[in-house]
Every structure is written in structure tokens, then in C-alpha cells.
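Colleague: Next up is a structure, given as C-alpha cells.
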Amino acid sequence: MIYPGLYSFIEKKQVLKKIRFAILSHQAACDLNYRFTVSVLLDEGFNVVVIFSPEHGFFSEEQDQKSVPHRMLWKIPVFSLYGEHLVPPDEFLHKFDALIIDLVDIGTRYYTYIWTAVLFLKRLSGKDKKVFVLDRPNPLGGDFIEGPILKEEYFSFVGLLPLPVVHGMTFGELIKYAVDYYKLDVDVEICPVKGYKRSMGFYELGLDFIPPSPNMPFITTAYVYPGMCLLEATNISEGRGTTRPFEIFGAPFMNPFKLVKYLGFVDGAIVRPYYFIPTFNKYKGKLTGGGFIHVKNFKRFKPFSFGIKLIKTIRELYGDKFKFRSPPYEYEKEKMPFDILTGSDFIRKHIDKFSLEDFESIWEEDVEKFRNIRDRYLIYA
């Protein structure tokens, strides 16, 4: 049985009950009975005085890149760390003695929750605040790594550590890396997942997938997201405004049957021709042609490689109709969105010159370098 880090933390309640806690969390962080972590802590007698929420809000109610209003829950103020404030204002730092972090991540570098946590830790560095990280399994597994390493000059709110796109680390392991990388003066304790081995795939965990954000409804969404999120940085719809975001993609100028034919074989997945009409976001209300990707073998499918292959195919077929998105994007006002997602401007500038195999050989070198770095921060065998 897998027990998230919440259970390790609760075991400490007798010595921690008098401490004033802030918590950075959201609705997807639950115990095995689907109770919110905040509810569990309150029921156990912990003194939670302020709640901080990441992008999308505590209940994941807002769409991407939308500001979230502050509110009250359980008669406790809930303060958003997305929009006007990415870190807590000074007046909040005096309200609590220690911080609890419990966020559900999906194992992809550009998912923003880990960066909200890292910015919070940087804010607390040198402030004599204890931090407890309630760890959870990586739904993409702890062994699979893919993609180029993010270069420091391309750091942004979608990446603040030199990680490949798919890193194979848990939230707690990433926090250990961040504390070391930024040399933070903060006392962090990782509350580990009991029963977890990094070789476990999601279906071996025995846990349900609770959507951590509005456009991450299924575990299958998480499996394609590392590649399909790249479409956010283009004029191709990533399926927002449909019931299967990131699994559905397209544009009004695309012929689905022609696209799928030229795309060809995809290892571990099947792509079928598809038409859809988005209800919001890109091409709202317009008939849009593209594809629906069905992952059949999660161990063979390489999502980032698929994303690059798809973009190369669309460029070959539709030339000037394909466009890379210009900034701003996720608080970055100068660098191209595609560059901060892929880690540098290299792929964008060579997308028409290099084959997919050329790209893969380059980022495989990155992956091997990263494995050696990653070993220092791993918690689970």
C-alpha cells in the first residue's frame, strides 16, 4: 500500500500541535479517503492559520494563466500565489512559524506548482521558518527521463532548475535539489511516501488520479503533456476547450487524414484523424482539424519526442500557416515561449534542419548528465 507523505507528517502531531502553520496546497492533495490535506490537518488538531494556493486556485477552478481571487475556506484566509503575487507579501510572513507544502505534481518540468514552491522557499531563506514537504509519487514514474536540460539563461516560471523536460523525480526530491542549487538557508524536512519504489508506474500505485488542474483530467493527459504542452507556444490548439485537452490537437487549416498519414508510425501510441470545435481558447467555435492521440504502451511512448515530431510534420505540411507564439507567456516578456519550454532556442532554430533522431541524440547526452546529478537528491530506491 502507498501512503503519501501526509501520513508521515501526521505521526508528528504531538510535538507540532502548538505551531502556527501556513500550508501551500490545493484540492488534489488528499488522503486515501479523498479528504483534503487541509481538512485532515484541521481534524487532527494542527493550527493552520493561512492557506496559500498555486496556479488555478485551491479548487483548481481557474483556467491557465488567470489570476485567482483571494478567499476564505474553513474560516482561514486563502491567498493566491499566482497573478499579482508569486510569493507571499511581508505581512504574511509574521503569521506563521512553519510551512507545509503538499502539492500534486505530474512529473514535467513546465508544470508550475513546483516553481511556486521553490519561489516560496527562496522567500523564506534566512527567515528561520521550518518547512515540511509532504511528498507524493511521480505519476510518470521515477525512472523515465526525457528531453533537453533547461539552460539557466532560459529560467522562467515554467522552469527554475536545470532539469530535462521529464525528470523522474518526486516533489520532495526536486525540493532537495532546489535547496542545494540555490544554497537556501531554510530548514526543510521531507515527509516521505511509504511503500513507494521509483520503478512503480502509476497503475502500480493503487491510487486514483485526482485532476490537479482544469486541463489535466486523466492520467492519460499527464502521459502526453510533456510533448503536447509545446503546442501552447504555437498557433496549434492543444485541445483546451475540449473534454480531452492535450490528447486532442489541431488547427482549422489542417486536414486530419493528411496529417495522420504523414505523421506515420508513433511507438507506443495511435494517432487518429479528428475534428473538434473548441468552446474556449484557440479557435473558439471553429471547426478544427487535427488528431486524437491514444497512448497504448506507456513504457514505450516518448511524449517529448512525439511533440517535436508532430511540430516538424505540421511545418512540413503547412509551412507558413504554422507560427511560433510570441511573448508574453507565463510572466516572461522577452524570450520566446517555445524556447523557455524546450530549454533554449536550439530546437526552434534547428527545427527544419535537424531530424528527430538528431535531436534525440543531443538530448540523450543531457539525460545521461542529469542522471549523475539527480542521484544526489533521490529519496527512493
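Colleague: How large is log10 of I(q)/I(0) for region 130-208 at q = 0.16 Å⁻¹ when the intensity is taken from the Debye formula with one equal scatterer per alpha-carbon?
Modeller: The Debye formula, applied to the Cα set alone, gives -0.69.
Colleague: Size of the dipole of the chain about the Cα centre, Lys and Arg at +1 and Asp and Glu at -1 on the beta carbon, nothing else charged, in debye to 20?
Modeller: Numbers: 50 positive and 47 negative charges, 143 e Å.
In debye, rounded to 20, the chain gives about 680.
Colleague: When the helix-only estimate is applied to the chain (DSSP H runs of n ≥ 4, each -39,500 (n - 2.57), divided by the residue count), what is the mean residue ellipticity at 222 nm, nearest 500 deg cm²/dmol? Walk me through the numbers before you get to the answer.
Modeller: Values: 12 runs with 108 residues, N = 381.
Roughly -8000 deg cm²/dmol at 222 nm, from the helical runs in the chain.
Colleague: Right, here's the next one. Viscosity 1.002 mPa s, temperature 20 °C: what is the translational diffusion coefficient of region 5-213 from Stokes-Einstein with a Kirkwood Rh over Cα pairs, rounded to a whole number of µm²/s? It would help to have the intermediate numbers written out before the result.
Modeller: Details: Rh = 17.3 Å.
Value of D from the Cα-based Kirkwood radius: 124 µm²/s.
Colleague: In Å and from the alpha-carbon atoms only, list the Rg and Dmax of region 219-350.
Modeller: Cα-based Rg and Dmax for region 219-350 come out at 13.9, 39 Å.
Colleague: Would you grab the residues whose amide H sits under 5 Å from the one on Phe52? Only those 5+ places off in sequence or on another chain, please, with H modelled 1.01 Å from N.
Modeller: Long-range HN contacts for Phe52: Ile23, Leu24, Ser25, Phe79.
Colleague: Another question, if that's okay. Arrange the peptides 29-41, 350-362, 135-147, 259-271 so that the one whose residues have, on average, the most other Cβ atoms within 10 Å appears first. Walk me through the numbers before you get to the answer.
Modeller: Working: 29-41: 17.9, 350-362: 13.1, 135-147: 23.6, 259-271: 15.2.
Descending packing order for the listed peptides: 135-147, 29-41, 259-271, 350-362.
Colleague: Let me ask something else. Give me the mean projected area, in nm² to one decimal, of the convex hull enclosing the Cα positions of region 246-293.
Modeller: Details: hull surface 12.6 nm².
Averaging across all directions leaves 3.2 nm² for the Cα convex hull.
Colleague: Residue-wise, which Karplus ³J(HN,Hα) couplings in Hz belong to region 135-141, taking 6.51 cos²θ - 1.76 cosθ + 1.60, θ = phi - 60°, and x for glycine or proline?
Modeller: Taking θ as phi minus 60°, the curve returns 6, 9, x, 7, x, 8, x Hz for region 135-141.
Colleague: Could you give the length gained on full extension between Asp208 and Lys258, defined as 0.36 nm per residue of separation minus the Cα-Cα distance, in nm? Could you put the intermediate results ahead of the total?
Modeller: Values: separation 50, 0.36 × 50 = 18.00 nm, distance 3.72 nm.
Length gained between Asp208 and Lys258: 14.3 nm.
Colleague: GNM, the chain, Cα, under 10 Å: largest mean-square fluctuation among Lys302, Lys18, Lys282?
Modeller: Lys18
Colleague: I've got another one for you. Run the simple label-point estimate for Ser344 and Tyr318 please: 7 Å along Cα→C-beta, distance reported in nm.
Modeller: Between Ser344 and Tyr318, the simple spin-label model gives 2.9 nm.
Colleague: So how many Å³ per residue does the convex hull of the Cα atoms of region 15-131 work out to?
Modeller: Details: hull volume 13.5 nm³, N = 117.
Convex hull volume per residue, Cα atoms: 115 Å³.
Colleague: Next up: Compute the acute angle (0 to 90°) between the alpha-carbon long axis of helix 113-124 and the principal axis of greatest extent of the alpha-carbon atoms of the chain; round to the nearest 10°.
Modeller: It is inclined by approximately 40 degrees.
Colleague: Students often forget the sequence filter, so: which lysines lie under 19 Å Cα-Cα from Lys284 once same-chain residues fewer than 8 apart are removed?
Modeller: Candidates past the 8-residue exclusion: Lys66, Lys321, Lys323.
Colleague: Rg and Dmax in Å for region 94-160, alpha carbons only: what are they?
Modeller: In Å, with Rg to one decimal and Dmax whole: 14.0, 41.
Colleague: Moving on to the next point. Work out the charge dipole of the chain with +1 on the Cβ of Lys and Arg and -1 on the Cβ of Asp and Glu about the Cα centre, then indicate which of Gln65, Gly142, Leu163 is farthest towards its positive end.
Modeller: Of Gln65, Gly142, Leu163, it is Gln65.
Colleague: Continuing with the same structure: What angle do you read, to the nearest 10 degrees and between 0 and 90, between the alpha-carbon axis of helix 303-318 and the longest principal axis of the chain?
Modeller: 30 degrees
Colleague: Something else now. Which parts of region 198-231 would a label at Leu356 reach, counting a residue when its backbone N lies under 20 Å from a point 7 Å out along Cα-to-Cβ?
Modeller: 221-231
Colleague: Now for a different question. To the nearest 0.05, what FRET efficiency results for Asp185 and Lys12 with a Förster distance of 25 Å applied to their C-beta separation? Spell out each step's value before the answer.
Modeller: Details: r = 23 Å, r/R0 = 0.91.
FRET efficiency, Asp185 to Lys12: 0.65.
Readers should treat all values here as calculations from the given coordinates under stated rules, not as data from a laboratory. Quick caveat: nothing in here was measured; it's all calculated off a predicted structure. Positions of Cβ are generated from backbone atoms using ideal geometry, with glycine treated the same way; all protein chains shown enter the neighbour counts.
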